[in-house]
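Report on the following structure.
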C-alpha cells in the first residue's frame with residue numbers, strides 16, 4: 001500500500017530525475033523518485049576481510065588458483081567491487097609476499113588493500129580480531145579465500161540489515177560432506193552450528209564461508225589467542241539467537257582441491273554462457 005506525498009524540488013534536481021526516466025522500468029517522475037529513494041536507503045558494506053592464509057595440497061594459496069586463467073583473488077575482488085566494496089583487508093599469513101606482487105595496495109585496481117600480519121597462526125576468528133584496527137568499528141564482510149561464488153551481495157547485505165543480528169552466514173543446501181560445517185535452522189535463525197568434524201550424511205544446509213558481521217562480534221573474540229569462528233564463535237551466537245542464515249541460489253564452490261576446481265570452472269563457464 002502506498003501513501004501520497006507532495007514534495008518540492010529545485011529545477012536542476014527535477015531535470016536530473018527526468019533524465020533517468022526510461023519509459024519502461026521508470027515510466028514517470030513518481031517511479032523515478034521512488035527508485036532513487038530506495039537506492040539511497042539500500043545498506044552498503046564498504047569493507048571486506050579475505051581469509052587467505054590456507055593452502056591446497058599443491059602447497060599454494062587457493063586464492064591464487066586460476067579460474068579461466070584468472071586468479072580467484074581477482075574474481076573475488078571484481079565481484080565485490082560491483083557490490084560497492086572498495087576496501088579489502090587480506091589476512092594472507094605466509095602468502096602475503098605472493099599476493100603483494102600481484103596487487104600491492106590495490107591502487108591500480110581502483111581499490112584499497114591492506115594486509116593484516118600475524119606473528120603466529122590465529123585461526124579464522126583470531127585473524128579477524130588481529131585486523132580490528134582496519135575495520136573502523138563498522139559492519140564488514142568476510143569471505144574465505146578458497147570460495148568461488150556468484151552470490152548477489154546486495155541481497156545478502158539487505159537481509160543482514162533486516163534480521164539485525166550480530167552475524168549472518170550465507171548457507172546453501174548441499175549433499176553433506178564431512179569437510180563442511182552445517183547449520184540447523186528455525187526460520188532465518190541458526191539454532192545450532194555443527195563443525196566439520198562431526199559425522200553425518202544426506203542433505204544438509206552448509207556453511208559457505210561467506211559472512212556479514214556487526215562490529216560487536218569483535219568483542220567476543222579473544223585478543224592474540226588462536227580461535228575459530230566455526231568452533232568458538234558461531235555456536236555461541238547460535239545459542240543467543242544472534243546468528244542469521246541467508247540461503248542463496250547460484251554458484252558456490254570450494255576450490256581448495258584440484259577436482260573441485262575443475263567442477264567450479266565448469267559451473268562458472270556455464271554461467272558466463274547463460
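The values are calculated or read from the model by the stated rules, or taken from the named source; none is laboratory data. All values reported here derive from a predicted model rather than from experimental measurement. FYI the Cβ positions are ideal-geometry reconstructions off the backbone, even for glycines, and counts take in every protein chain you see.
Checked against (1) in contact (Cβ under 8 Å) with a residue 40 or more places away in the chain; (2) out of contact with any helix residue (DSSP H, G or I) (no Cβ under 6 Å at 6 or more places or on another chain); (3) closer than 16 Å to residue 147 by Cα, residue 73 meets all criteria but (2).
Residue-by-condition table, conditions (1) surrounded by fewer than 22 Cβ atoms within 10 Å (Cβ to Cβ); (2) out of contact with any strand residue (DSSP E or B) (no Cβ under 6 Å at 6 or more places or on another chain); (3) in a helix (DSSP H, G or I); (4) modelled with pLDDT of 80 or more:
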residue	(1), (2), (3), (4)
34	yes, yes, yes, yes
50	no, no, no, yes
56	yes, yes, no, no
59	yes, yes, no, no
63	no, yes, yes, yes
78	yes, yes, yes, yes
85	no, no, no, yes
88	no, no, no, yes
96	yes, no, yes, yes
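Do we have any residue at all in segment 133-143 that's assigned to a helix (DSSP H, G or I) and within 25 Å of residue 74 (Cα to Cα)? The answer is yes; a qualifying residue exists.
Please enumerate the residues belonging to segment 157-176 that are at pLDDT below 70 and loosely packed, with under 13 Cβ neighbours inside 10 Å. Selection gives 175 alone.
Considering each residue of segment 108-125 in turn, none proves to be free of Cβ contacts under 8 Å to residues at least 12 places away in the same chain and surrounded by 12 or more Cβ atoms within 10 Å (Cβ to Cβ). When residue 25 is tested against (1) touching a strand residue (DSSP E or B) at 6+ places or on another chain (Cβ under 8 Å); (2) surrounded by fewer than 19 Cβ atoms within 10 Å (Cβ to Cβ); (3) over 22 Å from residue 220 (Cα atoms), just one condition goes unmet, and that condition is (1).
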